Every structure is written in structure tokens, then in C-alpha cells.
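First up is the structure itself, then whatever we jot down about it.
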Amino acid sequence: MADSKKKRMSMLDSLAAAGTPPAPGSMMSSNRALRSARDAVDAHHVWELDPAEIQDERYSDRLDPKDVHDLRASIEQNGQTVPILVRRRATDPNRYLLVYGRRRLEAIRASDKVSKVRALIANLDDTAALRAQVSENTGRRDLSYIERALFAQELLDSGFGSQAQIAEVLNVTRSAVSMSISVAKAIGTALAHAIGPAHGVGRPRWEALAKELADSRVENDDLSRIALDVRAKAAANEQADEDPQVDPSVAAFEAVARHVKKSVSSTLGKKPRSKTTALVIDGTPVGAIKRSGRALRLDLTDVDDAFAEWLDARAQDVLEELHDRWKGET
């Protein structure tokens with residue numbers, strides 16, 4: 001094989017090894033996805049395309065993309081050393097969909113010195129393109145926990161596939177996808193974007209924040225403003241050349257978590273004591289109903305076995321009937 005062809009074929013492989021190595025167990029999956037993309041490249045040829053012919057319709061997997069200004073300056077001075085990857089649009093073969101390389105594409109679009117973007121063109125379906133996108137990004141820098149959680153939620157909400165299929169694409173277990181989606185829904189997209197990626201804040205702390213949010217009375221809009229204020233102050237300090245601070249998104253997470261914890265503590269301090277009401281059937285005590293905070297517990301300790309079986313079989317219907325009656329009376 002000619003040296004030039006070998007060099008072109010190795011471009012995608014080199015991306016898998018660039019930057020921070022993936023977590024153990026993910027390297028093989030990442031390399032496989034990138035090599036599959038490489039094998040699908042048309043003639044392994046690097047094309048020069050008009051940036052206007054390329055559209056980015058991918059799922060978003062980054063909360064805080066880096067500024068492209070420095071990259072644009074580098075490309076203008078040294079040229080574009082690493083091609084982007086695109087695929088042909090099924091309805092128009094003269095137009096393309098971005099697989100990865102968004103920052104390179106944006107840098108060239110913003111340049112008045114570089115008019116063409118160097119690209120590899122691959123024949124990939126939606127799933128293969130998504131795998132290549134995820135693998136290339138995680139090969140360079142691991143997505144944070146909340147970025148992965150929001151990505152999984154977007155895939156599910158958009159109808160990409162089941163949780164099992166999403167788990168396969170992200171190279172995680174189905175239970176991990178299920179839990180991350182529940183966290184993403186509890187946090188909310190707006191608050192997550194206000195906080196940012198918060199690299200270094202792992203699953204346990206995001207889960208704890210999600211749980212405390214459910215127990216608090218604080219509004220997510222208020223928390224978003226807190227997060228944005230913290231990040232704005234961090235940006236101002238950076239412009240003033242002050243001593244380096246912690247990651248602004250981590251600082252935003254910490255501020256939000258403190259505010260929520262304080263709200264939960266205040267709420268718990270104001271909660272009334274548990275209330276227990278005895279229940280009677282035909283004048284005979286049969287148990288009690290107990291309310292504690294937002295929980296309501298029904299204990300029937302002395303009822304006819306036949307009635308207990310009947311209620312057990314119809315509990316859902318009875319509950320819905322009572323709920324409908326409540327809505328009609330309020």
C-alpha cells in the first residue's frame with residue numbers, strides 16, 4: 001500500500017489515541033467505531049469541500065464547547081492538519097451531514113482566509129455515524145457525567161432507540177442509562193446548561209442533587225440564575241488575569257448544591273409531625289392511615305382475608321377512582 005494511502009487510512013485511527021485515554025473497557029469499542037468509519041470512507045480520499053454544503057444535524061453531546069478563535073488562527077497559519085468526517089445526505093448527494101469535527105468546521109466558516117474544509121466522506125447510516133461521533137469525542141476527552149446523561153435523554157426522547165440500544169452506543173449498561181436519564185430529567189436541561197459540564201463531578205453527587213431537588217421547594221429558574229452568576233464571575237476573574245480558579249462549571253455546581261441543601265434543611269425543619277388516623281369498618285378498628293411529609297401510608301392489620309385479596313387485586317383501580325373523585329371535588 002502506498003505511503004500516502006496508508007497515511008490517509010490512519011487519520012481516523014489516530015483520533016482514537018489522541019488526548020486522554022478512554023476508561024478501561026471502552027478503548028476497544030472506541031477503536032472499533034472509528035475503524036468502521038475509516039473503512040467506510042470513499043476511496044480514503046481527502047476532499048476539499050465548501051463549508052456551506054455541510055450541515056450539522058447531530059445530537060448534542062457537549063454543554064460547554066471550547067471557543068474556536070484559537071483554532072481558527074492555527075488553521076489560518078498552519079493549515080487544517082486533521083480532516084473532518086462527513087457523510088452524504090441521502091436526499092441530496094451533493095450536500096453533506098457532519099459526523100464529527102464541528103469546531104474545525106466552525107473555525108473555517110469564521111475565517112476570511114480559508115475557504116475550503118478538508119474532509120473525509122464516509123458511507124454511514126445514522127447509528128454508525130452516532131457511534132463514530134461518540135467514539136471520536138470520548139477519545140479526545142471523556143464526556144462528563146451530566147453530558148452523557150443529557151445525551152442519553154436526547155437520544156431517547158428523539159426516538160433514536162430503546163434504552164438498551166442507547167446503552168450499546170454509549171458502551172454502558174442499560175441500568176446506567178436508566179439512572180442517568182432519571183437524573184437528567186430531575187435536573188432539567190436548562191439548569192444543566194446553566195451549570196455546565198462540571199468535569200470531575202461524578203454520578204453520586206449528581207444523583208444526590210437530583211434527590212435533594214425533589215425534596216426542596218426551590219425553583220429551577222432561581223438555581224439557573226445562581227449558576228450563571230457564578231460562571232460570569234469566574235469569566236470576569238479570568239479576564240482580569242487573577243489567580244486561576246476552579247473550573248467555573250464545578251463552582252456553579254457547588255453553589256447550586258449548597259443552595260438546594262440549605263433549602264432542604266429549612267424545609268425539613270418546618271415539616272409537621274407525622275399524623276396517624278385510625279381506620280374503622282362497621283365500628284371495628286382495622287388499621288390506620290399515616291401521613292409523613294409527602295408520603296401517605298395505609299396499614300390494614302385486621303381485615304377479612306377475602307376483602308384483603310379483593311383490595312389487593314383492585315388497588316390500582318380504586319386509587320384511580322379516588323383520585324378522579326378528588327379532582328372532581330377540587
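The values are calculated or read from the model by the stated rules, or taken from the named source; none is laboratory data. These figures come from a predicted structure and were not determined experimentally. We place every Cβ from the backbone using ideal geometry, glycine too, and count neighbours over all the protein chains shown. We work out accessible area using only protein heavy atoms, side chains counted, and drop any ligands, DNA or RNA first. Shrake-Rupley method; radii C 1.70, N 1.55, O 1.52, S 1.80 Å.
Go through Phe160, Phe307 and list them by solvent-accessible area, largest first, probe radius 1.4 Å. Write down the numbers at each step before the final one.
Working: Phe160 50, Phe307 80 Å².
My answer, sorted largest first, is Phe307, Phe160.
So how much slack lies between Ala73 and Asp157, counting 0.36 nm per residue of separation and subtracting their Cα-Cα distance, in nm?
Working: separation 84, 0.36 × 84 = 30.24 nm, distance 3.79 nm.
Computed gain between Ala73 and Asp157 is 26.5 nm.
So what does His193 come to for accessible area, using a 1.4 Å probe and Å² rounded to 10?
Surface accessible to solvent at His193 totals approximately 90 Å².
May I ask you to rank Leu223, Leu322 by accessible area, largest first, using a 1.4 Å probe over the protein chains only?
Working: Leu223 0, Leu322 90 Å².
Order by accessible area, largest first: Leu322, Leu223.
Please give the contour-minus-distance gain from Ala295 to Glu219: 0.36 nm per residue of separation, less the Cα-Cα distance, rounded to one decimal in nm.
On the way: separation 76, 0.36 × 76 = 27.36 nm, distance 2.12 nm.
Separation in residues times 0.36 nm, less the Cα-Cα distance, equals 25.2 nm.
Return the distance in nm (one decimal) between the two label points of a simple spin-label model at Glu57 and Glu320, each offset 7 Å from Cα along Cα→Cβ.
3.9 nm
Mind grabbing the accessible area of Trp326 for me, 1.4 Å probe, Å², rounded to tens?
Here the residue's solvent-accessible area equals roughly 140 Å².
From the backbone phi of segment 178-186, what are the Karplus-calculated ³J(HN,Hα) couplings (6.51 cos²θ - 1.76 cosθ + 1.60, θ = phi - 60°) in whole Hz, Gly and Pro given as x?
Using θ = phi - 60°, the values come out as 4, 5, 5, 5, 5, 5, 4, 5, 5 Hz.
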